[in-house]
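Structure, as structure tokens:
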Amino acid sequence: MIFQDKVVWITGASSGLGKFMAIEFARQGAKLALSGRRIEQLEAVRTAVIAAGGRGEVFPCEVTDEAALDATVKAIVSRFGKLDVAIANAGFGVFGKIESLSAANWRKQLDVNVVGLAMTAKFALPLLKQTGGRLVLIGSVAAYVPNPQVGAYGVSKAAVRSIAQTLHVELKGTGVSCTVIHPGFVDSDIARVDNDGVLHPEAKDPRPKNLMWPTDKAAKVMVGAIAKRRQSFVFTGHGRFMALIGRHFPKMAVWMMSKMKI
């Protein structure tokens, strides 16, 4: 029970990996600070957290708003007295070929997935240094491979990987660990969110179902990696394979990704 009575802040906690990580932490006795834009869904996650044996509080927040992030962190400390784990999970994916994307598409993608993540880390780190805590950045296997139709998303996750590598150096000697997690295909709402960040629950997920991990299973292995203070954690099986190919056999990665129908 590594996380017993630990205070865990998760952005993007209203659904998907954020929701199921919150429930998994709750099973280990953690106190959850749940952030996101959709208050009704956050309240539902809070109910699930309490049912799982944890304590949960809702802190609505938009990660693109620097002042809101600052205020949220202060509210969490006011409520719980400390911060032990901060998980920068909020993010979405812009869809479309590079030649079709507007400057607004690019700015939205990078503002949420990169700047929002970096600002989440910025405001969490002073408190994590007080507790010898854990900073967690949610990346993607997309950081390692070509990404037809989702190139902007891949760029944003490559940036997340680079931020994590830099933090591994900058945080040495502080007592704070930084774990970057790169999931492969996991069942979530990401493919149902449009280029403006609006969720369409009825939309079809084009990703291959035979490679998709259940969200609760993914959350368990992610929390396990956070517990071990892993620097970098890539999963699923196909995700590890694609990351390996992307790193060491880039021409093969281009060929393989060109065969995917997304």
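Taking only Cα atoms, what is the 0 to 90° angle, nearest 10, from helix 215-227's long axis to the longest principal axis of the chain?
That works out to roughly 60 degrees.
Calculate, in nm to one decimal, what K259 and S78 gain on full extension: separation in residues at 0.36 nm each, minus their alpha carbon distance. Kindly include the intermediate steps, with their values, before the conclusion.
Numbers: separation 181, 0.36 × 181 = 65.16 nm, distance 5.17 nm.
Here the segment from K259 to S78 would lengthen by 60.0 nm.
Got a sec? What order do T236, T64 fall in by accessible area at 1.4 Å, biggest, i.e. largest, first? Numbers along the way, then the final one.
Values: T236 0, T64 55 Å².
Greatest to least solvent exposure: T64, T236.
Taking only Cα atoms, what is the 0 to 90° angle, nearest 10, from helix 16-27's long axis to the longest principal axis of the chain?
So the helix axis and the longest Cα principal axis differ by about 30 degrees.
With N set to the number of residues, divide the alpha-carbon radius of gyration of the stretch 110-262 by 2.2 N^0.38 Å and report two decimals.
Here the answer is 1.08, to two decimals.
Calculate what fraction, in whole %, of the accessible area of the chain sits on carbon and sulfur atoms when a 1.4 Å probe is rolled over the protein chains.
56 percent
Tell me the per residue accessible area of the chain using a 1.4 Å probe; a whole number in Å² is fine.
For the chain, the solvent-accessible area averages 46 Å² per residue.
Among the listed pairs K228/K259; K157/K220; K97/K217; K6/K204; K172/K259; K74/K204, which are separated by more than 30 Å between their Cα atoms?
Details: K228/K259 36 Å; K157/K220 22 Å; K97/K217 32 Å; K6/K204 37 Å; K172/K259 42 Å; K74/K204 39 Å.
Correct reply: K228/K259; K97/K217; K6/K204; K172/K259; K74/K204.
Taking 7 Å along the Cα-to-C-beta vector as the label spot, tell me the V221-R55 distance in nanometres, rounded to one decimal.
For the pair V221/R55, the computed spacing is 3.3 nm.
Run the simple label-point estimate for D5 and D70 please: 7 Å along Cα→C-beta, distance reported in nm.
3.3 nm
Rounded to the nearest 5, what is the percent of antiparallel bridges among the DSSP beta bridges in the chain?
Of the beta bridges lying entirely in the chain, close to 5 percent run antiparallel.
Provide L101, L244, L42 ordered by accessible surface of protein heavy atoms (probe 1.4 Å), highest first. It would help to have the intermediate numbers written out before the result.
On the way: L101 25, L244 75, L42 0 Å².
Output order, biggest surface exposure first: L244, L101, L42.
Roughly how tilted is helix 151-170, in degrees to the nearest 10 and between 0 and 90, from the longest Cα axis of the chain?
The answer is roughly 50 degrees.
Hey, if we sort E62, E57, E43 by accessible area with the 1.4 Å probe, largest down, what's the order?
E43, E62, E57
Please name whichever of L101, A67, S35 sits farthest to the positive end of the charge dipole of the stretch 5-135, dipole taken about the Cα centre and charges placed at Cβ: Lys and Arg +1, Asp and Glu -1.
S35
Would you compute the Debye intensity of the stretch 1-94 from its alpha-carbon atoms alone, equal scatterers and no solvent, and pass along log10 I(q)/I(0) at q = 0.17 Å⁻¹ to two decimals?
Once normalised to I(0) and log-transformed, intensities are -0.62.
The values are calculated or read from the model by the stated rules, or taken from the named source; none is laboratory data. A quick note: this is a predicted structure, and the numbers were derived from the prediction, not measured. Positions of Cβ are generated from backbone atoms using ideal geometry, with glycine treated the same way; all protein chains shown enter the neighbour counts. Only protein heavy atoms, including side chains, enter the accessible area calculation; ligands, DNA and RNA are left aside. Shrake-Rupley method; radii C 1.70, N 1.55, O 1.52, S 1.80 Å.
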